[in-house]
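Beneath this line is the structure, given in structure tokens, with notes to follow.
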Amino acid sequence: MKDISLPNYTSAKIVDRILDGKITFFQIQEAAQYEKMIKPRLEALVNL
């Protein structure tokens, strides 16, 4: 999600911000890499 304006957070911090509701799913979907990189990872998590 390098194209989305986020402070320099680590991946773990980004996950925490998502879980806290400070980063929304809509914001994630707006990322240029959503379809190719993010969506498949989210789908894999659902299947765990």
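Identify all residues within the range 18-48 that are among the β-branched types (Val, Ile, Thr) and touching a residue at least 12 places away in the same chain (Cβ under 8 Å); write none if there are none.
Ile23, Ile28, Ile38
Looking at (1) modelled with pLDDT under 90; (2) loosely packed, with under 10 Cβ neighbours inside 10 Å, which one does Tyr34 not meet, given that it meets all the others?
Among (1) modelled with pLDDT under 90; (2) loosely packed, with under 10 Cβ neighbours inside 10 Å, Tyr34 violates only (2).
The values are calculated or read from the model by the stated rules, or taken from the named source; none is laboratory data. Bear in mind the structure is a predicted one, so any value in this text is a computation, not a measurement. Note that each Cβ is placed from the backbone with ideal geometry, even for glycine, and that neighbours are counted across all protein chains shown.
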